[in-house]
Amino acid sequence: MRDELPTLDPPERLLCGPGPSNVEPSVLEAMRKPMLGHLDPDLSDILLEVVDMLRRTWRMPDGLVLPLHCTGTAGMEAGLAHLLEPGDTAIVARSGYFGRRIAEIAHRCGAEVIAVTADWGEAVPNERILQELDRHPRARLVAVVHAETSTGVEHPLAELAAELRRRDALLMADCVTSLGGVEVDARAWGIDYGYSCTQKCLAAPPGMSPVAVSDAALERIRARQTPVPFSFDLLLLERYWIERPPAYHHTAPILAVYALHEALRLLLEEGLEARWARHAEAGAHLQRGLTARGLELLADPEYQLAPLTAVRVPDGVDGKQIQGRLLREHGIEVGGGLGPAAPAMWRIGLMGHNATIETADRVLEAFDAVLAEDPAPATASG
Ligand SMILES: Cc1ncc(COP(=O)(O)O)c(C=O)c1O
């Protein structure tokens, strides 16, 4: 007799954690469209359409824009591997989990890493980053997380980029939680290497990392003395994604490309400004609702990010237990603190499709229900 094999039957969830977010039905539908081969001329046209829509999303009319076939972390790693060579100096703003990860990977690339740190919930002041650059004028790279998902802080990136335009160092920006949800203007601001993911504000499934690379960064990459990893060699990838006829580099994740195509089409149809405004309204509504309930937000209010809100777990409340009940009893996923150093928190994401007042209210109501039944006081302290 044959074994009874399990059929795939995941439950419905409202994904309001730090990502992934839910995707529109039409994005899932896109993945059911006919498969093409990775060198099919019709797929080549689709790849160019994706690149064109990504250029508009990044607001990057020149340089190189394409989605890497990988996670956000690998997009980060690809950038560092291209922009740093052993012995280079990199200045990294580090005020949360992902800034720490940039510093770690830069170190693995053989760079001397100058970390400029701030506490959880704070943005690293741009003046301190610039002071370090004055101290290390030969630094090749300044790297910051635009939207720090581990704390809910938005770094004042446009202001930093404006200062860096007068200097030699290139600017790398982690836009994993900002692209498509918060203003990002890669060309006008002067981002040299921006990377993102598909699974948050772009509202596609995880699996790709859209990147935007400036002409200045490309010049630096072409002048490298040491090679970059083959799998993420941006110049080879350009020959597949953009040059025609395409040169084989790898077998593209074709269905993920379809999903991204549809997600970008929806985003641009809505309009970038409208999309940012929707995220801002939903985030502000959620944040007002949380503070009205006596809960304390982690981020400095001046730098509070819209798509991600970090909430301190009140004293005496078991944050993990509440998180578990939200999932089991309400079908709502929220995140907890990321990494051993993180203070106790819940991280609530309203991203992409989920960035609405209605979703914010659903989350608030679910918190009301589970906290009302919690024996501990539901008032935040410290
Ligand atoms: C700010 C930030 N950077 C990088 C990453 C890494 O992305 P991935 O999990 O796709 O590797 C994340 C993931 O949540 C993130 O929030």
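The values are calculated or read from the model by the stated rules, or taken from the named source; none is laboratory data. Model, not experiment: these values are computed from the prediction. Ideal geometry is used to build each Cβ from the backbone, glycine not excepted, and the neighbour counts take in all protein chains shown.
Tabulated values for the structure
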| quantity | calculated |
| --- | --- |
| Cβ pairs under 6 Å, 6+ apart, first in the stretch 86-100 and in contact (Cβ under 8 Å) with a residue 24 or more places away in the chain and within 14 Å of Arg128 (Cα to Cα), second more than 11 Å from the ligand (Cβ to nearest atom) and acidic (Asp, Glu) | Ile91/Glu132; Ser95/Glu122 |
| Qualifying residue in the stretch 224-240 (condition: under 30 Å from His353 (Cα atoms) and among the small types (Gly, Ala, Ser)) | no |
| Any pair with Cβ under 9 angstrom, 6 or more apart, that starts in the stretch 294-310 at a residue that is of a type in the set (Phe, Trp, Tyr) and ends at one that is outside any strand (DSSP E or B) and within 14 Å of the ligand (Cβ to nearest atom) | Tyr303/Ala123; Tyr303/Gly152; Tyr303/His155 |
| Residue check, Ala204 in a loop (DSSP other than H, G, I, E, B) and more than 21 Å from Gly96 (Cβ to Cβ) | yes |
| Strands (runs of 3 or more DSSP E) contained entirely in the stretch 72-149, each with at least 3 residues that are touching a strand residue (DSSP E or B) at 6+ places or on another chain (Cβ under 7 Å) and away from the ligand (no atom under 16 Å from the Cβ) | 89-94, 112-117 |
| Residues of the stretch 328-357 classified as in a loop (DSSP other than H, G, I, E, B), of a type in the set (Gly, Ala, Ser) and surrounded by 18 or more Cβ atoms within 10 Å (Cβ to Cβ), total | 2 |
| Selection within the stretch 197-223 - in contact with a helix residue (DSSP H, G or I) (Cβ under 7 Å, 6 or more places away or on another chain) and among the small types (Gly, Ala, Ser) | Ala203, Ala204, Gly207, Ser209, Ala212, Ala217 |
| Conditions (1) touching a residue at least 40 places away in the same chain (Cβ under 8 Å); (2) surrounded by fewer than 19 Cβ atoms within 10 Å (Cβ to Cβ); number of the one not met by Pro25 | (1) |
| Filter pass, Ser214 being within 12 Å of the ligand (Cβ to nearest atom), in contact (Cβ under 8 Å) with a residue 24 or more places away in the chain and closer than 27 Å to Thr89 by Cβ | no |
| Odd one out for Leu80 among (1) loosely packed, with under 14 Cβ neighbours inside 10 Å; (2) within 20 Å of Leu157 (Cα to Cα) | (1) |
| Leading residue by the ranking (surrounded by the most Cβ atoms within 10 Å (Cβ to Cβ)) among those in the stretch 1-15 that are touching a residue at least 60 places away in the same chain (Cβ under 8 Å) and within 20 Å of Ala259 (Cα to Cα) | Leu15 |
| Number of the exception - Lys33 against (1) assigned to a helix (DSSP H, G or I); (2) surrounded by 11 or more Cβ atoms within 10 Å (Cβ to Cβ) | (1) |
| Meets criteria (under 29 Å from Lys33 (Cβ atoms) and either touching a residue at least 24 places away in the same chain (Cβ under 8 Å) or surrounded by fewer than 17 Cβ atoms within 10 Å (Cβ to Cβ) (or both)) for Ser209 | yes |
| Candidates Ala188, Ala204, filtered to the one that is under 15 Å from the mean Cα position of the chain (by Cα) and modelled with pLDDT of 95 or more | Ala204 |
| Test: residue in the stretch 117-125 that is more than 29 Å from Gly336 (Cα to Cα), surrounded by 22 or more Cβ atoms within 10 Å (Cβ to Cβ) and touching a residue at least 12 places away in the same chain (Cβ under 8 Å) | no |
| Top-ranked residue of the stretch 150-200 - restricted to ones that are of a type in the set (Lys, Arg) and not in a helix (DSSP H, G or I), ranked as farthest from the ligand (Cβ to nearest atom) | Arg166 |
| The stretch 126-149 residues that are more than 14 Å from Ile191 (Cα to Cα), paired with ones that are within 16 Å of the ligand (Cβ to nearest atom) and acidic (Asp, Glu) (beta carbon under 6 Å, 6 or more apart) | Ala147/Glu154 |
| Considering residues of the stretch 259-279 that are farther than 14 Å from Asn354 by Cβ and small (Gly, Ala, Ser) only, the residue surrounded by the most Cβ atoms within 10 Å (Cβ to Cβ) | Ala259 |
| Boolean, Thr73 is of a type in the set (Ser, Thr, Tyr) and touching a helix residue (DSSP H, G or I) at 6+ places or on another chain (Cβ under 8 Å) | yes |
